[in-house]
Amino acid sequence: MAIYHLKGGRVIDPASRRDEKADLWLVDGKVATKDPGRKADKVLNCKGKLVTPGLIDMHVHLREPGREDRETIATGTRAAAAGGVTSVCAVPNTDPIIDTQTGVKFILSRALSDAVVNVYPYAALTRGQRGEELAELGDLLQAGAVAFTDDGHPIMNNRVMRQGLDYARTFGALILDHCEDLNLAEGGVIREGELATRLGLPGWPAAAETIQVARDAALAESTGGRIHICHVSTRESVRMIREAKSRGVKISGEATPHHLALTVDACATYSTNAKMSPPLGTEEDRQALIAGLLDGTIDVIATDHAPHTTIEKDWMFIEAPNGIIGMETSFAVLNTALVKTGLVPIGLLIEKMTIAPARLLDLHKGTLTDGADADVAVFDPEMTWTVDPDKFQSKARNCPWAGQELTGRPVATFVGGRIAYELGKPVG
Ligand SMILES: [Zn+2]
């Protein structure tokens, strides 16, 4: 395996509280912080660049099996590599739903043959994600599932969620919840409020999320189970997670780049690339999410990368499917919206996208200490570029930043010491 010498970059490794100009070597698939005494096959000039652990995106829809017209493990992981992401966690709401050992093993074997980054499968918490009876959690963990979620099909039955938390606790496993009261949210396509009224679109009330966050906090507290709140979008949810954490509840929070960078105003032109679930919130919600990042209430940033075909998205706002792709723009969007504006320090941003998800999921990734897996990203934090979805590695084009200028871009991505992406070159 080639030896890489990453020379003179700013090495940011939040796990070891390291942020300094230094060299780094990738040798036999591992990180070396000191000169290994062997001649490097390739020297990469990293002057002015950030050298960080490869990003870990714990919320990704790869769509395979079943919707390979939207994305595949091959294309989704190439999109990841192009975004500086070296590990993705694949959500199980595929067709068929991943709720058996066979399903988990399918994802792992397909990843082995097709993926260019690490793929960690989630399994459904309930059979068929029907929210009625629990899946065989022990078997699923044994097959390689790293956590459980019915994302895409929120669990409405509180008794089932309680049983899930109780059962998962015996394995120390995490449950990820898409918090949405389906009765309250029914028919809603945009956050309820003045803009929804003005546009004549049915509103999705903030309480549809916060009620389920309150439910989850209560059940995590009474069972001792571990709950992770996906894509938090309301300031009330942030407040509840903060309050539950202060009482020692095993609850964690996730925010997406779109909820951190955009508000409901992005829907003003009826652009279906601003339609997601949960919907974009107000500026107060966005500020609360940023405050949550800063004080530790929001543990991780994940994209909820949700590819759809252009035909599906090119439809009336009210009919179009929810979600946007995110892995090829996540660093640039957050660098532009949060770091360049002075709202969030770069080290904290990298922490939320590397070691924080690794710790939640016990992945043994996300650091650049000596001997760590050589999953590394190199970013140019000053490079400006115009987002052109036609150049994306993803099969999908549903990106709200198309045509916009962003600052910051991945220039190289290494997975296990091998180069997976280099700006301007074919991926993989
Ligand atoms: Zn979701």
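The values are calculated or read from the model by the stated rules, or taken from the named source; none is laboratory data. As the structure is a prediction and not an experimental result, all values here were calculated from the model. All Cβ positions, glycine included, derive from the backbone under ideal geometry; neighbour counts span all protein chains shown. Keep in mind that these areas ignore ligands, DNA and RNA; they rest on the heavy atoms of the full protein, side chains included. Shrake-Rupley method; radii C 1.70, N 1.55, O 1.52, S 1.80 Å.
Just a few scattered comments:
- Partner lysines for Lys42 [C-alpha distance under 25 Å; skip if fewer than 8 residues away on the same chain]: Lys7, Lys21, Lys30, Lys34, Lys365, Lys425
- Summing +1 for each Lys or Arg and -1 for each Asp or Glu among the other residues whose beta-carbon sits under 10 angstrom from that of Asp380 gives +1.
- Mean-position separation - Cα centroids, region 386-428 and region 198-277, in angstrom: 28
- Average Cα contact separation per residue, region 54-361, under 8 Å, 6 or more apart, as relative contact order %: 17
- Fluctuation leader among Trp315, Trp204, Trp25 - the chain, Gaussian network, Cα springs under 10 angstrom: Trp315
- Hits among lysines - C-alpha to C-alpha of Lys275 under 24 Å, sequence gap 8 or more where chains match: Lys313, Lys391, Lys395
- Spatial separation of Cα centroids for region 23-50 and region 116-194, in angstrom: 41
- Environment charge at Asp370 (Cβ cut-off 14 Å; Lys +1, Arg +1, Asp -1, Glu -1): -2
- Per residue solvent-accessible surface (Å²) - region 100-144, probe of 1.4 Å: 45
- Anisotropy class of region 54-361 from Cα gyration tensor, a/c 1.5 cut: rounded
- Of all accessible heavy-atom area on region 54-361, the percent that carbon and sulfur account for (1.4 Å): 51
- Paramagnetic label zone (point 7 Å from Cα along Cα-to-C-beta, Arg38; backbone N under 18 Å) in region 344-371: 370-371
- Per-residue ellipticity at 222 nm computed for the chain from its helices equals -8000 deg cm²/dmol, with DSSP H segments shorter than 4 residues left out and the rest contributing -39,500 (n - 2.57).
- Label-to-label distance, nm, for residues given as Ser222 and Asn158 (7 Å Cα→Cβ offset): 0.7
- Lys/Arg +1, Asp/Glu -1 at C-beta; region 54-361 dipole; positive extreme among Ala244, Gln129, Ile355: Ile355
- Ordering of 114-123, 286-295, 44-53 by packing is 114-123, 44-53, 286-295, highest average first (other Cβ atoms within 10 Å, averaged per residue).
- Charge dipole (Cα centre; +1 on Lys/Arg Cβ, -1 on Asp/Glu Cβ; no other charges) of the chain amounts to roughly 1220 debye.
- Judged by the mean number of other Cβ atoms found within 10 Å, the most tightly packed of the peptides 336-342, 163-169 leads the ranking 163-169, 336-342.
- Put simply, when 302-311, 151-160, 3-12 are sorted by average Cβ atoms within 10 angstrom per residue, most first, you get 302-311, 3-12, 151-160.
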